[in-house]
Structures are given as C-alpha cells and as structure tokens.
Amino acid sequence: MFIKKYIQEIWGAVKSLLKGMRRTGYYFTHHKEIITQQYPDNRETLNLPERFKGEVVMPHDENNEHRCTGCQACELACPNGTIKVIFKNELNAEGKKKKAIDKLVYHLELCTMCNLCIEACPSDAIKMAQTFEHSVFDRNELTKILNNPGSKIMDGVE
Amino acid sequence: MEGFGEVLKMYRKTEIINDSKAPPAEGFGEADMIINVGPQHPATHGVLHLVITLNGETIKNVEPHLGYIHRSIEKMCESLSYRQFIYVTSRMDYLSAHINNHACALCVEQGLQVEIPPRAQVIRVLMDELTRIASHELWLGAMAMDLGAFTPFFHAFRERESINDIMEETCGARLTMNYMVPGGVMHDLHPSFQQRVKDFMQLYKSKVHEYDEMLTGNIIFQNRMKNVGVLSAEDAISYGCTGPTARGSGVSCDVRKLYPYEIYNTLEFDEVLETGGDSFSRYMVRVREMQQSIRIIEQLIDNIPEGDFQTKTKAVLKLPKGEFYSRVETARGELGVYIVSEGATTPYRIKFRSPGFSNLSVLNHIAKGSKLGDLVAMMGTLDLVIPDIDR
Amino acid sequence: MTGSDIIFYLLATLCVVFALLSVTTRHIFRAAIYLLFTLIGIAGIYFWLQYEFIAAVQIVVYVGGIVVLIIFSIFLTQQTGEQLPKQKLDRKIFAALVVFAGFALTMVQIYQHTFIETDEIAITPTVENIGKKMLAVDSGGYALPFEVISILLLAALIGCIVIALREKKNIEPQIQDDTEEHKGIV
Amino acid sequence: MWSFSNIANSIHEWLSNNFNPTWTIIIEMVIAGVAVISLFALLGLVLVIMERKVSAWMQIRLGPNRVGPKGMFQSLADTLKLLVKEGLTPGGADKFLFNLAPFIAMIVAMLLMAPIAFAKDFQLWDLNIGVLFVSAVSSIMVISILMAGWASNNKYSLMGAMRSGAQIVSYELSAGLSILAVVVMTGSLQVSEIIESQRNGWWIFKGHLPMLIAFVTFIIAVTAETNRAPFDLAEAESELTAGFHTEYSGMKFALFFLAEYVNVFIVCAIGATLFLGGWMPFHIGKWEGFNHVMDYIPSSIWFFGKTFFLIFLIMWFRWTFPRLRIDQLLNLEWKYLLPISMINLLIVTAMAILGWHF
C-alpha cells in the first residue's frame, strides 16, 4: 500500500540518520578517542623512527674526523644535483700530497630525501638525520657544508 | 613601468573578449551560464580547471582544462638514470607513490632480467596493499567532505595515519617513500613491522563499521550517490577507464588478476565488481577493495619468507636496446610504464599511462544533464589526483 | 509634536523617499530593494497604529512573498550591473502627470468623503476576532472575498505550472540528443 | 522570589519620576538596544566557540586550545582578526547593495530578539502576535542573502542566493505549519500566553505523538531556514566555494557570520518556547517535592538550557550528515515535510477541539 510504503520510507530514513548521530554522539562523549597530537608542545616526547629521512648529515667522531673519502658516488647518485664535492690537496703524515675533501656542499632546498646518496656511499660517511624543522628566513642558510671546519678523514678509511 | 602598462592593456583586452557579449560557444543557449570551477576550488582537490556550462543548476557541458601542475615528469625521467628516475614517479600519483615506484622498478627489472628474491616480492606486495588502503581512506574522507560531511574525513584519516606511521618506520617517509629499487627494496623491514601491521588491522576491523553508519547506510548519502553519474560498461571501455571507476561499471580490469605480477597469482583475493555504474557502485568498489587488501595482508603478514630483500645489481644500470612495458594496479587504476632504451644509462623515452587521465575524460560524458551538486560526487568517486593527470 | 508624531513622520518620509527612489533608479535590482523598504515602512506604520497582525501579514505577504518573487524574476532575466535605458523626457512628463492625477483624485476623494463617527465599540484586532471576521458569512463578514481571492491565487498557481511544464519539454530532447550522439561513437 | 521584572520595574519608576514620558521611552529603548547588541556579541562569541568545540570532539580532535583556558577565548581572537581585516568590495559589484546586505541580515536578527521571553517576566515586547512576528520578520532574512548574492557580481554568489531563496521560501511553510500546531493548541500567538499554557506540562509531552512530529518538523525546517548543514546549500563550500558570501571579507563577513549564529539561537529559542515550555521548569505530575526542587532553578537557566540543547542538536546534525542536493532538498519539503505537517495540523486541530491533551 502506498501509505505504508511512504511511512516505511520515512522510518528507514530517520533510522539511518539516527545511526550516524549515534556515532558522532559517541565520539562527542568519549574524549579518550581523541587523536590530536599537540605538535610544538610534544617536541620532547616526539619519537621519530631512526629511518626517518630528514636531512643528510656527515657524522664526525670526537677527534673531528669523518669517513668521507671524496669518491663522489653520492654526487653521481643524486638525481637533483643536491651534493657537490669540492676537493683540496692535503699533505699526509709521510709528506705526500693527497686528495681530500675541502667541502661537501649539500643543498637542502633541492633535496627530496630519496636516500640514494646514502645507499651509494661505499664508506658510510653520510647518513640521514631525524631533524625535520628546516624552515629558515634566508634561503642561503639551506645550503650547508656537511664536514666540520678543520675536519679530517678517519684513519683506515679508503 | 611602461611594460607593465602594456600588460595591463592586454589584460583589459582579454577581459573584453571573455565578456558574455562575445559570440557564445556552440550549443550555448540563451539561458546558459559559464562557470569556472577551479583551478582554485575546494572540490577539485588540486589545480584542475573545469569550464562548466550550466543551465540553472543543470550541467550542459564540462570541459576540463589541464596543465596547471604539468611538470614534464616524462621528460625529466629521460635525463635521469634507471636508479634515479623511480623517485620522481612518487610525485605523480602521490597517494599511491609506492605502487608507482613499483611499476617503474618492475619495468627496469624486466629490462635487466633480474630475479627478485621472494622476501622482496612479499614486502613489495605488502607495501602496495597498505598504500592502497591508505589511498582509499584518503579518498573516502575527501569524498565525504565534498558531499558536505566533515566528520568521516577525520575518522578516515585516523586509520590512514597509522598506515603512514608504519611507512615512516620502515621506509623513512610518510608519503613519498622511494622504497623500491631495481632488484628489490631499499631496506629490510623494520623489526616491529609485523606487529604494527597487525595492530593496524585490528584498528581497522574495529572501526570499519563506522563508514557504514556514517556514510553507506545514510539516506542522504545514498540519495546523493545512487543513479548519479552513471557510466555504462561500454563507455567505461571506450573511454579507457580502469581501476575502481571501471569496476564500478562491471568491467573486469584488475591487473593483479589479469596480468599478475610479483606473487599476486599465489594469493587469494577477489576482484571487486559492481554493476551499477553509478557513483554509489564506485564507492562500494573502493570500500570493498579495502577489505580485499586487508585479506591479502592477512595472508602475507605471518608468512614473510627469510632471505635477501634485494638482488645485487650493478652500480650503473644499463638496459639493453629495446622497448619495455610493465603495468600495475594502482589505487586509481592501471598504471603502465613504457621505456624505450637505446642501451645507455638513461632511458631514451619514457611514457606513463596514468589511470587518472582516462578516468577524468569520462567526466563530461557522465556529468551531462545532472545537477551541479552531483558534479562533486562524480569527481569524488572518479578519485582524481591532479598531478597524476597532468604529470 | 510628541514622540509618536515624530515616529509617524519618520516612517512616512521613509515610505515616500524610497517610493520615489524606486521609480527613479535605473538599476532594476535596486528598484526592487527600494520597493522593499517602502513596504517595510508601510508595515512600520501599521505597527505604529498598533495593528500588529496586519503589519505582520504585510511583511509576510509583500516582503517575504511578492518582493522575493520580483527579485527572482530579476535574477532570471537580468544581468548584474546593467542599467535600464534612460526614458525620454515626454514619457517622464506623461508618467509624472498620470501619477499627479491619480494622487489628486485620491486626495479629492478623501477630503470630500464625510467620515461618520460611530458609537459602536471598535473590535480589538486580536487574532481570534480577525479569524472570526474572516470566515463570517453574515453581513460585514469576509468569507466571500476570501474565497474569491483564493480562487484567483489558485488560477495563478496553475498558470505558473503550465508555463513551467511547457519549457521543460523543449529542453529534454536536447539532452537526449547528446547522449545518443555519444552512443553512436561507441 | 528574585526576578528580572522587579529590576525592570524599578528602573522604569526611577525614569518616570525624573523624565517626561517621551524621554523615558527613548531611554528605555536605548537600554534595550544596548542590551540586545551586547547579547548579540556575547552570543556570537559563545556559539562560535561552542560550534568549534562540538565539531572538534565529534571529529576526534581537540579543537581550539591556545587562547585562554582550553581555548575559550579563541572566538575573541577571531573577532579581533575579522575587525582589523580589510573589507574588500569587488570591482563589478553594486557597491551600495553589497555593503547594505550584511547590515540587513544583522538588523533582522536583532528585530527577532524582541518577542523572546528570556526569563520569567523578562521580555522586550510581548506583542499579541509574537510568534507570527518572528516568522514574518525572519522572512526578510532571505532578502539580505539575495541582495548579497546579486550585488557581489559573482556567479557562485548568485547561485547560492538562488538556492537559498528557493530553500527559505519553501521551508517557511512547514516551519509555519508546525508553529501553528502549538498556536492551535493554545489559541494564542502571544509568547507569554504560550508559555503560560505549558505550566502543567510542556507541549512536547502534553500533545502526544502529533506534537512530537510537529517538533521534529520544526527542527528540520528551521535548520533549513537558517542555512545550516545538511541544508547549507546557499554556501555549499565544495560546490559554490562559499555561496552568497564568497566575496565578503573582514567585518562584513563577520556580520553575516554573526547573523547566522544569532538566527540559530533565535529559532532554537522559539522552538524551546513553543515546545519545551520556554522558561517553565520541568514538572512531573504530582511529585510535589521534585517539582519544588525544579522551581528553585532560576527561570533564565531553564530557558537558556533548553535553547542551548536545541542549538547542540542542530550542531550535531551539521557535523554528522552530508549535504543534500537542491532537488532533494525541495523534494524533502514538498513531498514529505509539508504533507506530513499539514495532516499533523489537522490531527492537532481535532485534538484541540476534542480536548485530547492533558
């Protein structure tokens, strides 16, 4: 019958709407389900996974020594020309001239965090850091020199 | 400043040309109105530009204008080596970045003729399916928001967020992971991967009924979706639609079933088909597809074989002279990667067959004669990702 | 002059000024809005007279109904920013004369009419009284005019539906043609 | 018992003793105007923060939590921002009407405050057609939206205005019919009399099922009339960016925004007055002790409690449902709400004649 169908239709519609309202009502009263992370406040407790790709850094040990031989593998592997290796000639202990890196220039503004340079590095000289707050006021600050001033290559790394 | 004045004059001139007094386009009636939706519009989710001819609220014609986010990824890939070009494809369909990378890696592997270790295959499939769920979750939320329901957006993002956390832990990034390399995957799985995926599946299963309560069963939602933007199976084929868009019209086109790659032929899962062809069918296909992905993950998560995660390949890859094509099923449809190699370290020509482009092309066909409010429902269920269309 | 008088003259000026603006403006949409203000002013005068019911009905019918309809018809036929063409001087003079003649006729009628004072107690305009009077069939009842007006409105409604239906027929085949064309390609 | 009417009477007496009648009226009007405007501003602030918190908790978020304790002063900061923002007027716009529209929206919302009884004996103007006045004046609201949509010279705005016109004009019918249900029961349009008739029970309980249906129809219709989701087609942001107020910014936008929230408050206050007994406390039949406790709660708290409950209900709708399409919206009105409320009105009339209510 027409009227029966009409009323059934309305009843079904109201029921479906009430179902949705029950769901939102549930969340309105259950504040434990809130998933918001209050980002700048939780900086101390923020735990980024160790594989997170934030920026490329070159670890130095306590003697200010790094592991980079200047093989340019990273420079070649990079799809964007983010890394540039600049050489200098250095005298080693025996007084021989030896090629070593002067600066390893890293353009953070060009980097896409693809991890290919770290994969390519044969001596594990560079790695990804977990920093992610990269905003600066001057674009030039994003061009970084990865090796510390006066740093040397670690002994035994070829 | 002289030059600026000239530009201003030109601008004014074009304004006059675009005036409604100019001779109207063909089939443009007296009562019609042209309205520009986009490139900055909340419903286009990106920089799509639709020129819509309206008669009142009724759509007479939709003309998509593309190119606002064209970055010539294909051309860019030609100057990158076979290892390097994979990461660029993450930027095409950024919601299924993994699957895009997978297609490229498959194509390169086809050229190199390397065997992928079984562990890497399983990892790849797991990641693909996780990406598919994440992509569909985002689509669900965004589409609900297009229809005016804000709350499901946040509920869907809760699940997506936990997938992103899993991705972050294993791949090191949340959206553009670049986890695939020719010959396998970049890292081994994170030790806690299995547990976290299981946690995610538990979360998903405990929350999946919410979509039915908030959307699927909702009478307003059903009215907005049913018999809206009906795409027949013939039209889906002739416009080259793939993925959930075509499967919503009853066209079987799942690459995972028809041209299985990796280990898909050993897995148990159904190709989701709906025969309605309307927006609601497309919606149902995606919702059910998420459950199929969960099913695949369930089969694999406890059976990840031990072994290498990557085949050792040469430092500099060179594909032999020839043409290579590989296809995968992304969250949006079939993605084809076509490489022409001249034997050098970089491809001679690369062509991507992106699913979004063909899916967008049906928009005018299905939108004609429907209301303006339906257009957002159609665009939502076509699941357009603009960088995928423009590349 | 008491406060009450001041309010009356304010309302009266409002009505007259907006009525004049409404016929002199060349923006058609503004004319509708000025008309709206005139009608609201008249409603204000009813409120001032403490005929709240009539005032409310004035707003419901004229502001909520008639002006909205006028605005809708402007929306459907006109373009934003377009001005109406300037009228010729002779037309203006003629219109002014007609208006003046009408005004004079009304005023003459009012001044010649002898208003008879009655001893009967005025009916308080409460809702109940108005309702009873509206449906009364004895002398002084408004049942017949009420019904006549409703038939007129019904006729107008049917006319609207007929016009709307005719237009629909013209549009539909056009859409069908388009879909057939596409099927041909397939 | 402590009451607002005593304060009002003492002020009136003091003014009458010190000034002549004209000045007394003018000063009283100024006081009432200032009170309405401050209530207006306060309501805007409270309702905005309420909406944001309600939406946040439904969407498993925290919501504003920076300005003030728990973010309670967030809407104050928003107001400050809107005040200092530039109010742009687009080039091709009809400047006069464009700038006039938000003020019309405001003035209408203010006028609607007049017949609402905020507490026992606390009412600005208890005119004998109170309810009709509200539904009449609220129909001017649509004019401001149409004006804004037309004057913006923007196609989105125009479409939003057209939609809103069609929507408000049609939903006024079922809102009016469901108001009539109560009017038929009480036999009066006067707000104070309607409240008085609910001394022994609210209409929603006294009137059995037909009154409940009238209440539901009323809530649906006023949600549509105030352009709130799921009927927010006039500003449907995914279709029309922002509908009729696409081109508005700064304070002019804020006025529209405020008017929307105040309208929500007013329709909920009317709903509370008609169906939930206004400031009348909740009484249960013969439970004398219980009724006595309820009487101790001030009448203004009863009124605002009921009103804010209805506002919460309307917000709950907004954050749960998807938006309707324009033809479905009109279908809902003409095929469902209007016939239902018409038949309902007939039943209510029969009930009133036969005296089938408590």
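For this structure, a couple of remarks:
- MRE, 222 nm, helices only [DSSP H, n ≥ 4, -39500 (n - 2.57), over the protein assembly as shown, to nearest 500]: -17500 deg cm²/dmol
- With contacts taken as Cα pairs under 8 Å and at least 6 residues apart, chain D reaches a relative contact order of 21 percent.
- Kirkwood Rh and Cα Rg combined as Rg over Rh, evaluated for segment B:234-391: 1.04
- Whole-angstrom Cα spans of chain B along principal axes, big to small: 71, 55, 43
- Residue separation of D:ASN20 and D:PHE96 scaled by 0.36 nm, minus their Cα-Cα distance, works out to 23.4 nm of gained length.
- Stokes-Einstein translational diffusion, chain A - Kirkwood Rh over all Cα pairs, 0.692 mPa s, 37 °C, in µm²/s: 161
- A simple count of charges around A:PRO49, restricted to other residues whose Cβ falls under 11 Å of its Cβ and scoring Lys, Arg +1 and Asp, Glu -1, yields 0.
- Kirkwood-based shape ratio for chain D, expressed as Rg/Rh from alpha carbons: 0.98
- Estimated FRET transfer efficiency (A:ILE3, D:LEU173; beta-carbon r; R0 22 Å; 0.05): 0.50
- Residues whose amide H falls under 5 Å from that of B:HIS65, counting only those 5 or more places apart or on a different chain, are B:HIS49, B:LEU50, B:VAL51, with hydrogens built in the peptide plane.
- Distance between the pseudo-spin-label points of A:HIS134 and D:GLU193 (7 Å out from Cα toward the beta carbon): 7.5 nm.
- Principal-axis tilt of helix B:118-146 within chain B, Cα atoms, nearest 10 degrees: 20
- Cleavage-rule hits (chymotrypsin sites (Phe, Trp or Tyr not before Pro)) in segment D:1-51: DSSP loop, at most 10 neighbouring Cβ within 10 angstrom: D:TRP2
- Cβ-defined net charge surrounding A:GLU119, 12 Å radius [Lys, Arg +1; Asp, Glu -1]: +2
- Equivalent ellipsoid dimensions for segment B:103-155 as semi-axes, Å, which come from the Cα gyration tensor, largest first: 36, 12, 4
- Per residue solvent-accessible surface (Å²) - segment D:1-84, probe of 1.4 Å: 61
- Interface C-D: total buried accessible area of about 2500 Å², 1.4 Å probe, protein heavy atoms only.
- Summing both sides, the accessible surface hidden between D and B at a 1.4 Å probe radius is close to 2500 Å².
- Excluding exposed DSSP-loop trypsin sites (Lys or Arg not before Pro) (at most 13 other C-beta within 10 Å), longest clean stretch of chain A: A:97-158
- In nm, spacing of pseudo-spin labels at A:LYS19 and B:LYS257 (7 Å Cα→C-beta vector): 2.7
- Taken along the Cα-to-beta-carbon direction at a fixed 7 Å, the label points for D:VAL46 and D:ALA77 span 2.3 nm.
- Of A:GLN72, A:ASN140, A:CYS117, farthest towards positive along the dipole that unit charges on Lys, Arg, Asp, Glu beta carbons give segment A:55-153: A:GLN72
- Accessible surface of D:MET280, taken over heavy atoms with a 1.4 Å probe and every protein chain present, rounds to 10 Å².
- Here the calculated FRET efficiency for B:GLU63 and C:LEU10, from their Cβ-Cβ distance with R0 = 56 Å, stands at 0.55, rounded to the nearest 0.05.
- Trypsin sites (Lys or Arg not before Pro) within segment B:274-379, DSSP loop, no more than 12 other Cβ atoms inside 10 Å: B:LYS312, B:LYS314, B:LYS321
- Residue order by solvent-accessible surface for B:ASP270, A:ASP155, B:ASP390, D:ASP327 is A:ASP155, B:ASP270, D:ASP327, B:ASP390, largest first, with ligands and nucleic acids left out and a 1.4 Å probe.
- Under 12 Å, Cβ to Cβ, from B:ILE301 - net charge with Lys/Arg +1 and Asp/Glu -1: -1
- Convex hull volume per residue, computed on the Cα atoms of the protein assembly as shown, equals 266 Å³.
- Axial C-alpha extent at least 18 Å, average Kyte-Doolittle at least 0.5 - helices from chain D (DSSP): D:21-58, D:95-111, D:155-186, D:208-225, D:250-275, D:299-318, D:338-354
- Loop-resident sites, segment D:260-336, for chymotrypsin sites (Phe, Trp or Tyr not before Pro), counting at most 14 other Cβ within 10 Å (DSSP): D:TRP287
- FRET efficiency for A:LYS103 and B:ASP165, using Cβ-Cβ distance with R0 set to 45 Å, rounded to 0.05: 0.75
- Residue among D:PRO322, D:VAL34, D:THR217 farthest towards the positive dipole end of the protein assembly as shown, charges placed on Cβ: D:PRO322
- Of all segments of chain B bounded by GluC sites (Glu not before Pro) found in a DSSP loop with no more than 13 other C-beta atoms within 10 Å, the longest spans B:116-267.
- Isolated Cys residues of chain A, judged by Cβ distance under 4.7 Å to other cysteines: A:CYS68, A:CYS71, A:CYS78, A:CYS111, A:CYS114, A:CYS121
- Sorted largest first by accessible area at a 1.4 angstrom probe radius, with every protein chain in place, the residues B:VAL51, B:VAL108 fall in the order B:VAL51, B:VAL108.
- What the pair-distance distribution of segment D:1-84 shows, using all Cα-Cα distances binned every 10 Å from zero, is 15, 29, 19, 20, 13, 3 percent.
- Relative compactness, segment C:1-110, computed as alpha-carbon Rg over 2.2 N^0.38 Å: 1.24
- Burial of accessible area (probe 1.4 Å, heavy atoms of protein chains only) in segment D:295-324, relative to its chain alone, reaches at least 40 Å² for D:TRP316, D:TRP319, D:THR320, D:PHE321, D:PRO322, D:ARG323.
The values are calculated or read from the model by the stated rules, or taken from the named source; none is laboratory data. Quantities reported herein were computed from a predicted structural model and do not represent experimental measurements. Cβ sites come from the backbone with ideal geometry, for glycine too, and all protein chains shown count toward neighbours. Surface areas here come from the heavy atoms of the whole protein model, side chains and all, with no ligands, DNA or RNA. Shrake-Rupley method; radii C 1.70, N 1.55, O 1.52, S 1.80 Å.
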